[in-house]
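Right, one structure below, let's go through it.
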Amino acid sequence: MTTRQIEVAGGRMVMLDDVGRPDGVPVLYLHGTPDSRLARPADDGLAADAGVRVLALDRPGYGGSDPVPTVGSGAGTPPGGWVEAVVGDGVAVLDELRVERCGMVAWSGGALPALAVAAGLPERIAALGLVAGLVPRQAYHDPAVREAGGDRLATLELAEVLPPGELGEAVAPLVAPYPCDRRLALEHQAEHRDAAGALELATVPGGVERMADALVEAVRRGLAGAAADIEAQARPLAVDLGSIACPVRLWYGTDDVVTPPAFGRWYAERLAGATLELVDGAAHYLLFTRWTDILRTIAAAADS
């Protein structure tokens, strides 16, 4: 494994792990909320066995990646904000590593930035995999999504009364403890993990500890990443889903209460190249139990 930092627009730094097979099919990996590049199976030999080179990024404000400056803060502020920042990070990483085209896999809260990257870099993202991905704010106009995602309605309603910036600051301390060590991370995640997800993650050797380490890394410099994600998830996503032309694979678990199957169906109806797989009995940690299969599938689609 190689961990490195890359300078991007405005002098920000982005951290990533470059793992797996060095000459394998490159696949960008975008983690969930509030996580870091470590939120993946600990055994990177699985990626190598799949013939894949995984480029696992810390998204803005998480781990070793600098946050996006607040709009209006002066020089270096990405024009347009969060969407442009995540696309710019993707460009900088691919350019630095001399990767012309690649696949991309996003888990949970990584889905929205992944959609922005896929739409913004159509010539470079050859295939996209969304695993238990969150849906954007506008999806909640769909009655099926609204019913299935009822636990998120309180945050969406709060977004109606709090201006941009204040929502993230108010909610971020509820989703991640800071400062945080492994003991506190284990306690926090155990308290907030649903029963089906807990059982699923327990089947993955070292999975519980790995997720705790991912959280510790995520917030080691503060809650800016979580706050930015909360803001993005509670506001309409400024991405045209119809512009995403690459093949898209959607994986959702039938027992997932965090990102229910209705979320996958919503995407399948709106992404032209999408194929939806509902995995019977799977919960939110489907990424960990199907990691090798997911990587092989996206690598094959990207390499075709």
Some residue of the range 214-225 being within 15 Å of the chain's Cα centre (by Cα) and under 21 Å from residue 158 (Cβ atoms): yes
Which members of the range 278-298 meet the condition of being open to solvent by 30 Å² or more (accessible area, probe 1.4 Å) and out of contact with any Leu (no Cβ under 7 Å at 6 or more places or on another chain)? 278, 280, 281, 289, 290, 293, 296, 297
Among the residues of the range 11-25, how many are open to solvent by 60 Å² or more (accessible area, probe 1.4 Å) and at positive phi? 0
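What tally of residues in the range 110-120 results from selecting those that are open to solvent by 10 Å² or more (accessible area, probe 1.4 Å) and either of a type in the set (A, V, I, L, M) or in contact with a strand residue (DSSP E or B) (Cβ under 9 Å, 6 or more places away or on another chain) (or both)? Talk me through it step by step, then tell me what you get.
Taking the range 110-120 as the starting set, the residues that turn out to be open to solvent by 10 Å² or more (accessible area, probe 1.4 Å) are 119-120.
So of that shortlist, the ones also either of a type in the set (A, V, I, L, M) or in contact with a strand residue (DSSP E or B) (Cβ under 9 Å, 6 or more places away or on another chain) (or both) come out as 119.
Residues flagged as open to solvent by 10 Å² or more (accessible area, probe 1.4 Å) and either of a type in the set (A, V, I, L, M) or in contact with a strand residue (DSSP E or B) (Cβ under 9 Å, 6 or more places away or on another chain) (or both) within the range 110-120 amount to 1.
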May I ask you to verify whether residue 226 is small (Gly, Ala, Ser), under 15 Å from residue 135 (Cα atoms) and out of contact with any Gly (no Cβ under 7 Å at 6 or more places or on another chain)? no
Exactly one of these conditions fails for residue 213: (1) farther than 25 Å from residue 137 by Cα; (2) in contact with a strand residue (DSSP E or B) (Cβ under 9 Å, 6 or more places away or on another chain). Give me its number. (2)
Positions within the range 40-63 being assigned to a loop (DSSP other than H, G, I, E, B), under 23 Å from residue 208 (Cβ atoms) and in contact with a strand residue (DSSP E or B) (Cβ under 7 Å, 6 or more places away or on another chain), in sequence order: 40, 44, 58, 59, 63
Of the conditions (1) touching a Lys or Arg at 6+ places or on another chain (Cβ under 8 Å); (2) charged (D, E, K, R); (3) modelled with pLDDT of 95 or more, the single one that residue 265 does not satisfy is (1)
Given the residues 204, 171, which is the only one that is in contact (Cβ under 8 Å) with a residue 40 or more places away in the chain, touching a Ser or Thr at 6+ places or on another chain (Cβ under 7 Å) and not in a loop (DSSP other than H, G, I, E, B)? 171
Looking only at the range 26-33, decide whether some residue is under 19 Å from residue 207 (Cα atoms), open to solvent by 20 Å² or more (accessible area, probe 1.4 Å) and outside any strand (DSSP E or B). yes
Among 226, 245, 234, which is the only one that is in contact (Cβ under 8 Å) with a residue 60 or more places away in the chain, within 18 Å of residue 112 (Cα to Cα), open to solvent by 40 Å² or more (accessible area, probe 1.4 Å) and of a type outside the set (Val, Ile, Thr)? 245
Are any residues in the range 83-100 touching a residue at least 60 places away in the same chain (Cβ under 8 Å), farther than 15 Å from residue 61 by Cβ and acidic (Asp, Glu), and if so, which ones? 96
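Would you pick out the residues in the range 136-168 that are outside any helix (DSSP H, G or I), without any contact (Cβ under 8 Å) to a residue 24 or more places away in the chain, open to solvent by 80 Å² or more (accessible area, probe 1.4 Å) and not charged (D, E, K, R)? Explain how you work it out, then say what you get.
In the first step, residues of the range 136-168 are kept if they are outside any helix (DSSP H, G or I); the result is 136, 142, 149, 160-165.
Keeping just the survivors that are without any contact (Cβ under 8 Å) to a residue 24 or more places away in the chain gives 160-163.
Remaining after also requiring open to solvent by 80 Å² or more (accessible area, probe 1.4 Å): 160-161.
Across the range 136-168, the qualifying residue is only 161.
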Which pairs do you get when a residue that is within 17 Å of residue 288 (Cβ to Cβ), found in the range 185-201, comes within reach of a residue that is outside any helix (DSSP H, G or I) and not aliphatic (A, V, I, L, M), reach meaning Cβ atoms under 7 angstrom, with the pair 6+ apart or on two chains? 196/255; 197/284; 197/285; 200/285; 201/285
State yes or no: is residue 183 over 16 Å from residue 39 (Cα atoms), in a loop (DSSP other than H, G, I, E, B) and among the basic types (Lys, Arg)? no
Checking residue 132 against (1) open to solvent by 50 Å² or more (accessible area, probe 1.4 Å); (2) in contact with a His (Cβ under 7 Å, 6 or more places away or on another chain), which test does it fail? (1)
Looking at (1) at pLDDT 95 or above; (2) crowded, with 22+ Cβ neighbours inside 10 Å, can you tell me which one residue 301 breaks? (2)
Conditions (1) small (Gly, Ala, Ser); (2) at pLDDT 95 or above; (3) under 29 Å from residue 87 (Cα atoms); number of the one not met by residue 165: (2)
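The values are calculated or read from the model by the stated rules, or taken from the named source; none is laboratory data. It should be emphasised that the depicted structure is a prediction, and the values quoted were computed from it without experimental measurement. When we count neighbours, we look across all protein chains shown, and the Cβ atoms used for this are built from the backbone with ideal geometry, even at glycine. What goes into the accessible areas is simple: the full protein's heavy atoms, side chains included, and nothing from ligands, DNA or RNA. Shrake-Rupley method; radii C 1.70, N 1.55, O 1.52, S 1.80 Å.
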